[in-house]
1. Could you check residue 129 against (1) free of Cβ contacts under 8 Å to residues at least 40 places away in the same chain; (2) more than 22 Å from the chain's Cα centre (by Cα) and say which number it fails?
2. With the condition being closer than 20 Å to residue 67 by Cα and of a type in the set (Val, Ile, Thr), I'd like the helices (runs of 4 or more DSSP H) fully within the stretch 89-171 carrying at least 3 qualifying residues.
3. Considering the stretch 108-137 alone, what residues qualify as being open to solvent by less than 60 Å² (accessible area, probe 1.4 Å) and among the β-branched types (Val, Ile, Thr)?
4. Identify all residues within the stretch 388-427 that are outside any helix (DSSP H, G or I) and touching a residue at least 40 places away in the same chain (Cβ under 8 Å); write none if there are none.
5. Take the conditions under 18 Å from residue 71 (Cα atoms) and either out of contact with any helix residue (DSSP H, G or I) (no Cβ under 9 Å at 6 or more places or on another chain) or free of Cβ contacts under 8 Å to residues at least 12 places away in the same chain (or both) and apply them to residue 248. Does it pass?
6. Filter the stretch 1-60 down to residues that are within 23 Å of the chain's Cα centre (by Cα) and among the polar types (S, T, N, Q) and give me whichever is modelled with the lowest pLDDT.
7. When both residues are 6+ apart or on different chains and their Cβ atoms are under 6 Å apart, which pairs have a first residue that lies in the stretch 434-452 and is in a helix (DSSP H, G or I), and a second that is among the basic types (Lys, Arg)?
8. On the basis of being open to solvent by less than 10 Å² (accessible area, probe 1.4 Å), of a type outside the set (A, V, I, L, M, F, W, C) and closer than 27 Å to residue 349 by Cα, does residue 104 make the cut?
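The values are calculated or read from the model by the stated rules, or taken from the named source; none is laboratory data. The structure displayed is predicted, hence computed values, not measured ones. Cβ sites come from the backbone with ideal geometry, for glycine too, and all protein chains shown count toward neighbours. Heads up: the accessible areas ignore ligands, DNA and RNA and are worked out on the full protein's heavy atoms, side chains in. Shrake-Rupley method; radii C 1.70, N 1.55, O 1.52, S 1.80 Å.
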Amino acid sequence: MSGCNNKMELLGSAPIPKALMALGVPIMIGMLINALYNLVDAYFVGGLGESPMGAISIVFPLGQVVVGLGLMFGNGAASYLSRLLGRGDRETANKVASTALYSSVIIGAIIIIFATIFIQPILALLGATETIMPYALTYARIYVISCIFNVFNVTMNNVVASEGAAKTTMCALLLGAVLNIGLDPVFIYGLDMGVAGAAIATAISQFVSTLVYLIYAIRKKSAFSFSFKDFKPTKQIYTEVLKIGVPTLTFQLLTSLSIALINRAANGYGDAVIAGMGAVTRVTSMGTLVVFGFLKGFQPIAGFSYGAKKFDRLREAIKTSILWSTIFCVVVGLLMALFSTQVISQFANGNVDMIAVGEKSLMANGFSFFLFGFYTVYSSLFLALGKGTAGFILGACRQGICFVPVILILPVIWGMNGILYAQPIADVISAIITVFMALHLRRELAEAEALIDLEKTEK
């Protein structure tokens, strides 16, 4: 019980810098390691040649779609759970946590079965060339099935983060990531399994992370029960979960769509361009996942403060999160831009065409990454406050509303450069939209606070 009280103290009364560090940094470290093993995966597969490297780039968005189901239920539940804990409603919180977890696993299993049956046409739709397809099929048939563990992990990641148990999430991510990094060279080269080895290493690592969460739930360390008797798929629970979860899923689908559109646009330029852009995606994901991890600590603080009507605390959390995340994004963006050639060379195995494509794109992405922290704080904030429509619009901007028109039009006008610079251009447009939405939210919060003060005065 004392553990639960400490978590509630972090959410409700601890100094904001301390709370953000305690809740955000462990998850951030876990997601950083998680992103690192994606890079290591690409590094080892890159040694097999441009077609195997292109294969994992093609399969990547398919895995993200499946994982999006975990995000839909997990992130949707997390927003609601933080507000419920802020109000002190533990009974409803138990039902929401259990319903989200079991729903994600059941629906995830159904989607994985269909994806496995139609795997070849799906990969063709995602942009696989004739030379990439055999490798993509080998990798996908193992990787997609293993995504059921990832669906469970992502749901638990968000639910557990909502109660402030950041260290558990860090341990689960860290253990899986370190194991994957160790197993990759063994399966890919030691056992001479190629891309199949990379997929098996990932599957084992995801399963181990699942075990960490299962032990956490079974030992009753959580504030939630996760009991099947609390599985209540009612209209009210699904409405609250999905009004935040659907925008989150849409964001994930748009992320997958953006990668697929890049791969399809690059299809006519050869495997080297697909592989080069795939390397850029994995490098930039290092930075984006760290920011997302940090903001997993920000979201429960924001949701709890909003539910408890602590507007001063909410404002301080927003300002601190924007400052810290922007400093990080500027530093990482500069490193990506200044050392783009050296970074991409690590995945290219000496392929000069792949290096030429990757370095130009990574440099541009590095400079536009400066804006990512500001954009993502507000994208996360709207969802944490239960403002599904605004969260949907803003979350869909960077890789949907702004990106899709750019990637469809720019390559026609600008050729291959249109592919390389599509994401940075979409980033700038998204940041401009964020400014206007942030100003509107500030006015809305000020009005809500004034109303609370008026009610107190009248009493």
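1. That leaves (1) as the condition not met.
2. 90-117, 133-162
3. 112, 116, 119, 122, 129, 132
4. Scanning the stretch 388-427 gives a single hit, 421.
5. In short, no.
6. Taking the candidates together, the pick is 34.
7. The qualifying pairs are 452/309.
8. Taking the combined requirement at face value, the residue does not satisfy it.
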